[in-house]
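Below is one structure, written out as structure tokens; comments come after it.
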Amino acid sequence: MNSLPYPIQVHDLTVSYQRKPVLYGVDLEIEAGSLVGVIGPNGAGKSTLIKTIMNMVRPNGGFVKILGKSPKAGTKHIGYVPQRESVDWEFPVTVMDVVLMGRYGHLGWFGRISKADKKMAHECLEKVDMLSYANRQIGNLSGGQQQRVFLARALAQESSIYLMDEPFVGVDAVTEKTIVSILKSMQQSGKTLVIVHHDLATAKNYFDHLLLLNMRKIAYGPTPKVFTEELLQKTYGGRLTVFSEMASQAAKQPEIETAKTIGE
Amino acid sequence: MRIFLKLCPGLLLLVALLAIGIPELMAKQVGMQGEEKFWERTVRFFLLQDTSVQIVVLGSTLIGISCGLIGSYVVTRKLSLFGDTLSHAVLPGIAIGFLWAESKDNIALMVGATGAGFLGVSCLTFLQKCTHVRQDSALGIVLSGFYAVGICLLTRIQKMEFGNQSGLDSFLFGQASALSVEDLWGIGCTLFIISLFILTAHKKLLITGFDLSFSRSIGIRADSLQYVLWLLLAFCIITSLQAIGVILASALLIIPAVTASLLVKRMNAYLLISATLGAFAGLGGSFFSFLGQGMPTGPLIVLVSAGIFIFVLCLRPTDGLLIKWFFSRKNTLRIHREDTLKAVYQILESHDFQHQTINTQALMSKRGIDIVKCEIEIQQLINAGLATTEPRSPKLSIPGQSILSLTPMGWEYACKIVRNHRLWELYLTNEAKYAPDHVHDDAEKIEHVLGDDTIRQLEHILSNPRKDPHGKLIPSLTDMEMGNIESSPSS
Ligand SMILES: Nc1ncnc2c1ncn2[C@@H]1O[C@H](COP(=O)(O)OP(=O)(O)O)[C@@H](O)[C@H]1O
Ligand SMILES: [Mg+2]
């Protein structure tokens, strides 16, 4: 097991927007087959971490490796589920179209969608219980249903690693249960999953590993070890005032560049 | 697609209406004499009798298709204002091209327009990347700035000696009849490249439009795609300027595509409809311009496409404005009918179901409406086969003095409505714990919308009740035969 490269390895990662550091010196090694919850307060840099791993934000320092490769080569092994707001829900696509997008990574420029792809999309929709909505326009769904469609698309990607940004936002209790059980079964089939989550109460039951993040990595490890009063206090209670002050100071030095958001 | 076929006759009708209205107007304006000439010209246009007409027809149709296709992407990606800015930004380029060639030389104009377009996009990119100006403001600045420069240059040109017969103002408002064979080549090539691009990159365009960050995550080069799209948009605008003009060029990009968005939910159909409507609009505009002998084409194209848009907005299936109005009216009529039936039931009930008929007077006072309305409502019941009337006495038939009796169907319907009302009242008092005097108004509304499934659920929850909160009978399926109810009040 140890001889294999980590699915996700982050080393001394520093990211800042307009000279304001958001992540600072983050180290992370995620082992294959873990179901990791990323928790931390709003603005802690959770989405930024995900985006940096996905090569959408360029770090100022440190590096990311995916299965031992550079992010550029590695991201195609990752199934990415963006935050729900990042999508144009008015767009003229049906639920089926969206799920089929999960297959696009496996097609070329002239690639046609094969029968097998369609069958696969069908099955994925069935797994998330949305098959009866296959021909609906995507904007006509409720928030929870949209999130299920996203999940179906991720399933259709057949990746070995998944990154999901807040898949439980705007989702009712039943859907949340469905999603969790699907995540667990994905883990059972050997996938590595990293899920951004903001609800402390449920985090303990959903994930087997937790990453506590607030600008710095506060802790990472198996849930029972990390989910302690002290560490949570450190993550949520009192911003790390001294530390963030120092970081801002350091950021004003010319040698630390501003992170460029790629293509935004 | 079926939807569109259904609309086709309507579209033709609309075009025909415009065809009658506008030429009348224009015939007066340009001093044409009467109908004969108008029909002659119409025939000439549609039989494609001379080359100039052929060029106009072909050119404006192809432009319409190009704009419809590219417009679909412009609209779904919320780039409408961007298209408008680009079209205005090319104006100074056209003027400079003209100054340079000292005549209306197509190549020079094209080069100028392309250059200015790129300059415009660069300014835009600069404003966005290097300042905090918001995108819509940046678009506004570039649009008006470039346009202002263009207008100044054009005015100067018109004062120069070679400027008088320049015909440059056709670039402002469009003049399809000025299209040349070279223009046609440009238009054809643009359409060809656009189609090729859409065919090869269709899936990538779809996914980058819907979910940009996901598309990047699977390795699609969304930025290159975006630039190609901009480039094609620029070519599309530049080649169509002669026909539609700078000021209104973006309308042909936007209106057909928006019309398509009212009709379909998938990108393929969207492209198809948008292109078809674009072709219609282009052709229609140049046709009217041809009839009007030199009316600027741009405004006419916009009028035709806007006409189609309004038409679709009103008549599209399921939620067109007119269709909605029609259904809501139908619904109102149904509710009135049901209220009348219920009133009849209640009158019969107040006499312990001793009689099977009521007189109109009683219904009037029960419903609290005047005689005219009452007559109308009764007439509607009769039309629907729910009731019959006969004069009070065979000799005199005065309005409001007739005898009304329900048909078996009407009786069943009335029982159903009363049952809905009373079940709901009971449900509100027993299960939702409303006070009995609070439930009537609510039930008045709900009774009309309770479906059979809900009724069955209510029956189940309330375990098939017999009496409502006010102690009145809830007529059940078995009671619905007259006889049963007549005997039941004592029980
Ligand atoms: N594109 C951006 N430009 C500038 N600042 C940003 C940008 N995206 C995020 N930030 C800032 O970075 C911080 C972390 O953001 P984010 O990673 O989205 O937090 P989280 O997802 O944990 O709530 C926030 O303070 C936010 O304001
Ligand atoms: Mg976030």
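The values are calculated or read from the model by the stated rules, or taken from the named source; none is laboratory data. The model shown is predicted, which means the values in this text are computed figures rather than measured ones. Methodologically, a virtual Cβ is constructed for each residue, glycine included, from the backbone with ideal geometry; neighbour enumeration extends over all protein chains shown.
Could you list all residues from segment B:358-369 that are outside any helix (DSSP H, G or I) and surrounded by 15 or more Cβ atoms within 10 Å (Cβ to Cβ)?
Here is the first cut: in segment B:358-369, the ones outside any helix (DSSP H, G or I) are B:358-359, B:368-369.
B:358, B:359, B:369, listed by residue number.
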Item to check | Among (1) touching a strand residue (DSSP E or B) at 6+ places or on another chain (Cβ under 6 Å); (2) over 29 Å from residue A:230 (Cα atoms), the one test that residue A:22 misses | outcome: (2)
Item to check | Condition met for residue A:37 (at pLDDT 90 or above and either within 12 Å of ligand 1 (Cβ to nearest atom) or assigned to a strand (DSSP E or B) (or both)) | outcome: yes
Checklist entry - Would you say residue B:191 is part of a helix (DSSP H, G or I), within 13 Å of chain A (Cβ to nearest Cβ) and under 24 Å from residue B:282 (Cα atoms)? => result no
Item to check | Evaluation of residue A:57 against (1) within 13 Å of ligand 1 (Cβ to nearest atom); (2) modelled with pLDDT of 90 or more; (3) within 13 Å of chain B (Cβ to nearest Cβ) (one fails), failing number | outcome: (2)
Checklist entry - If you go through segment A:167-180 one residue at a time, do you hit one that is more than 16 Å from ligand 1 (Cβ to nearest atom), part of a helix (DSSP H, G or I) and crowded, with 23+ Cβ neighbours inside 10 Å? => result no
Next on the checklist: So, in segment A:4-30, how many residues would count as being within 10 Å of residue A:67 (Cα to Cα) and not in a strand (DSSP E or B)?
Outcome noted: 4
Item to check | Residues of segment A:3-35 that turn out to be within 16 Å of ligand 2 (Cβ to nearest atom), out of contact with any Pro (no Cβ under 9 Å at 6 or more places or on another chain) and among the hydrophobic types (A, V, I, L, M, F, W, C), as a count | outcome: 2
Checklist entry - Which residue out of A:87, A:57, A:38 is within 13 Å of ligand 2 (Cβ to nearest atom), among the aliphatic types (A, V, I, L, M) and within 30 Å of residue B:74 (Cβ to Cβ)? => result A:57
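For every residue, the table says whether it meets (1) surrounded by fewer than 19 Cβ atoms within 10 Å (Cβ to Cβ); (2) modelled with pLDDT under 85.
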{"position": "B:406", "(1), (2)": "no, no"}
{"position": "B:410", "(1), (2)": "no, no"}
{"position": "B:413", "(1), (2)": "no, no"}
{"position": "B:417", "(1), (2)": "no, no"}
{"position": "B:421", "(1), (2)": "no, no"}
{"position": "B:439", "(1), (2)": "no, yes"}
{"position": "B:442", "(1), (2)": "yes, yes"}
Next on the checklist: Could you tell me how many of the residues in segment B:194-212 are more than 7 Å from chain A (Cβ to nearest Cβ) and polar (S, T, N, Q)?
Outcome noted: 2
Checklist entry - When you look at residue A:44, is it more than 16 Å from ligand 2 (Cβ to nearest atom), of a type in the set (Gly, Ala, Ser), within 26 Å of residue A:225 (Cα to Cα) and in a loop (DSSP other than H, G, I, E, B), yes or no? => result no
Item to check | Test for residue B:300: is it buried (at least 24 other Cβ atoms within 10 Å of the Cβ) and either assigned to a helix (DSSP H, G or I) or away from every other protein chain (no Cβ under 14 Å) (or both) | outcome: yes
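Scan segment A:70-83 residue by residue and report those that are more than 16 Å from ligand 2 (Cβ to nearest atom), more than 7 Å from chain B (Cβ to nearest Cβ) and touching a residue at least 60 places away in the same chain (Cβ under 8 Å).
Going residue by residue through segment A:70-83, those that are more than 16 Å from ligand 2 (Cβ to nearest atom) are A:70-79.
Now narrow it down to the ones that are more than 7 Å from chain B (Cβ to nearest Cβ): A:70-74, A:77, A:79.
Result: A:77, A:79.
Quick one: which of B:219, B:167 is outside any helix (DSSP H, G or I), within 14 Å of chain A (Cβ to nearest Cβ) and in contact with a helix residue (DSSP H, G or I) (Cβ under 8 Å, 6 or more places away or on another chain)? Steps first, please.
Values: B:167 fails: within 14 Å of chain A (Cβ to nearest Cβ).
The unique qualifying residue is B:219.
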Checklist entry - Since residue A:62 meets every condition but one in (1) touching a Leu at 6+ places or on another chain (Cβ under 6 Å); (2) within 9 Å of chain B (Cβ to nearest Cβ), which condition does it not meet? => result (2)
